[in-house]
Amino acid sequence: MNFASIAFELRRDGPQPLFVQLCDQIRARIVDGELATQLRLPASRSLAAELALSRSTVVTAYDQLVAEGYIEGRRGSGYYVRELAGIDPPQRNSRPRAQQIPDLAVTGAMPLTHPGYPDNRLFPCRQWARSLARSARLAPRAMIVSDSPFGDAHLRKSIASYLADWRGLDIRPQQVMVTAGSVDALETCIRTLTAPGDVVGLENPGYRPLRNLVTSQGMDIEWLGVGANGAELPRAADGKNPTRLAVVTPSQQFPLGGAMPVSRRREYQQWANANDAWIIEDDYDSEFRYAGRPIPALASLDDCARTIYVGTFSKVFSVSLRLAYLIMPPGLIPRFRQTLSRFGVKAALPCQRALADFIDGGEFYRHIRRMRRIYADRRRLLLELVQQHLSRYASFTDHQAGMQLVLRLAPTLDDQRIAAQAQAVGAQVAPLSAYYGGGGAQQGLLLGFCPFDETEIRRNVERLAEVIAAQAGD
């Protein structure tokens, strides 16, 4: 087919400019094979006259096709169709079958899992909006410019004050680094304190993204079994590379729950000091303790400056904020600064000054107290419903803390299968066995309770009970 036989359909009232329509139609005919390789295109002036267009419209379309590599211009000769190497023209009159795209919108009952998620419906929107507006009005430059790669100075001071009140940490703002979530904080610690080939101690079971992060950095894992006293201590090297770093959740083990007693915490500090090693304390949801005050952080007992403390605003405030922080011993500040200079700063700046205002004005503390009260009520309801509907099939330990409940199943029940079947009826749970990385996986289910109201909790527990009963043959 030559160019003269092609009919173009150009809409002057269409949503796209005329040069875009012309460019698209010529491109489509080249790809379809209707315009053969080395075919000479009409001169821009003659094509413009034929289509009743301005010459600049045609020239712009040709220039775009040259830039994309579909045609080439030859001085004194005009434009020619280029060979499209490796591209086979589609069969005439064939069209790819439309694929059904799954609807990712949440429908039906809210899932019972995603352990550790807060209830976004309870987010203090008005109070947060006031902090945003106030910081934008009083310190607009702070939303785009920071005087330190470690984050906004006001927020770092607010975090230091908050941790002194709630976690017993005696630190200076200079030791605080604001990060883009807890995974970013953990990655920064690993990049700073380890090298490929080093051994990192991880709890088993534990946080799956951390497991993936460590292996992606080319490091080996020593699996630390979790018992009544928390994570086991790393073993002696036995001729192999010693464990250089251990990541633990001493205030509320994830996912099993339970706090590490002070005796084991002291043992970890002794191990780190004796082996020139480091401890990362992942304190992801310590605010949610429903009996008494939060347990002091492991880092508050550290006299050897061997503990890096990691906290997050995702659990207590908002997952969408994507802000967390780490606390480094003073001697490590230059090393962490070097890491940021090598790999860049990831924490977004615009909300940091507003978050400082939110904390300093007392709204953050009021929000925590409100969430603890609401989540405590939901937790009590979940425990009652589990006793009522699931006691025949599962047992649990009430740690009076955290944002999820772990149900331990009989070995004859398959937690992976139960989780899949529960999801099919709108009552998702997380299989405990999926959190094990070093063998010894136990059968169990993780049930989150924070994001759901009473009606949702009742409905989902009843559906889960039906799924488990069917698998148990009742």
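Quick rundown of the values:
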{"item": "Some residue of region 289-296 being in contact with a Ser or Thr (Cβ under 9 Å, 6 or more places away or on another chain) and under 19 Å from residue 176 (Cα atoms)", "result": "yes"}
{"item": "Members of region 318-337 found to be in contact (Cβ under 8 Å) with a residue 24 or more places away in the chain and part of a helix (DSSP H, G or I), listed by number", "result": "319, 320, 321, 330, 331, 332, 333, 335, 336, 337"}
{"item": "Filter result for residue 134 (at pLDDT 90 or above and surrounded by fewer than 10 Cβ atoms within 10 Å (Cβ to Cβ))", "result": "no"}
{"item": "Filter result (under 17 Å from residue 347 (Cα atoms), surrounded by 19 or more Cβ atoms within 10 Å (Cβ to Cβ), of a type in the set (D, E, K, R) and in contact (Cβ under 8 Å) with a residue 40 or more places away in the chain) within region 173-207", "result": "184"}
{"item": "Residues satisfying the stated conditions in region 225-240, i.e. farther than 29 Å from residue 347 by Cβ and in contact (Cβ under 8 Å) with a residue 24 or more places away in the chain", "result": "225, 226, 228, 229, 230, 233, 234, 240"}
{"item": "Set 294, 261: member being in the same structural domain as residue 227 (by TED's automatic domain parsing), of a type outside the set (A, V, I, L, M, F, W, C) and modelled with pLDDT under 90", "result": "294"}
{"item": "Hits in region 208-224 (condition: assigned to a strand (DSSP E or B) and touching a residue at least 40 places away in the same chain (Cβ under 8 Å))", "result": "221, 223"}
{"item": "Qualifying helices (runs of 4 or more DSSP H) (wholly inside region 111-202; at least 2 residues being touching a Lys or Arg at 6+ places or on another chain (Cβ under 7 Å))", "result": "153-166, 182-193"}
{"item": "Test: residue in region 394-409 that is among the hydrophobic types (A, V, I, L, M, F, W, C), surrounded by fewer than 16 Cβ atoms within 10 Å (Cβ to Cβ) and not assigned by TED's automatic domain parsing to the domain that holds residue 287", "result": "no"}
{"item": "Selection count where residues are in contact with a strand residue (DSSP E or B) (Cβ under 7 Å, 6 or more places away or on another chain) and either crowded, with 23+ Cβ neighbours inside 10 Å or not charged (D, E, K, R) (or both), scope region 231-251", "result": "11"}
{"item": "Residues (under 30 Å from residue 471 (Cα atoms), assigned to a helix (DSSP H, G or I) and in contact (Cβ under 8 Å) with a residue 40 or more places away in the chain) located in region 359-401", "result": "378, 379, 381, 382, 385, 386, 389"}
{"item": "Of the criteria (1) among the aliphatic types (A, V, I, L, M); (2) at pLDDT 90 or above; (3) over 22 Å from the mean Cα position of the chain (by Cα), which one residue 447 fails", "result": "(3)"}
{"item": "Of the criteria (1) assigned to a loop (DSSP other than H, G, I, E, B); (2) within 21 Å of residue 118 (Cα to Cα); (3) touching a helix residue (DSSP H, G or I) at 6+ places or on another chain (Cβ under 8 Å); (4) not aliphatic (A, V, I, L, M), which one residue 458 fails", "result": "(1)"}
{"item": "Hits in region 273-300 - residues which are out of contact with any Gly (no Cβ under 9 Å at 6 or more places or on another chain) and either loosely packed, with under 15 Cβ neighbours inside 10 Å or among the polar types (S, T, N, Q) (or both)", "result": "273, 274, 275, 276, 291, 292, 293"}
{"item": "Matching residues, region 51-70, being surrounded by 13 or more Cβ atoms within 10 Å (Cβ to Cβ) and in a helix (DSSP H, G or I)", "result": "51, 55, 57, 58, 59, 60, 61, 62, 63, 64, 65, 66"}
{"item": "Hey, residue 459 surrounded by 15 or more Cβ atoms within 10 Å (Cβ to Cβ), over 28 Å from residue 206 (Cα atoms) and not polar (S, T, N, Q) or not", "result": "yes"}
{"item": "Single residue of 347, 356 found to be part of a helix (DSSP H, G or I), assigned by TED's automatic domain parsing to the domain that holds residue 158, surrounded by 20 or more Cβ atoms within 10 Å (Cβ to Cβ) and touching a Ser or Thr at 6+ places or on another chain (Cβ under 8 Å)", "result": "356"}
{"item": "Members of region 202-247 found to be out of contact with any helix residue (DSSP H, G or I) (no Cβ under 6 Å at 6 or more places or on another chain) and small (Gly, Ala, Ser), listed by number", "result": "206, 216, 218, 225, 227, 228, 231, 236, 237, 239, 246"}
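The values are calculated or read from the model by the stated rules, or taken from the named source; none is laboratory data. Remember, predicted model here, so these are calculated numbers, not experimental data. Methodologically, a virtual Cβ is constructed for each residue, glycine included, from the backbone with ideal geometry; neighbour enumeration extends over all protein chains shown.
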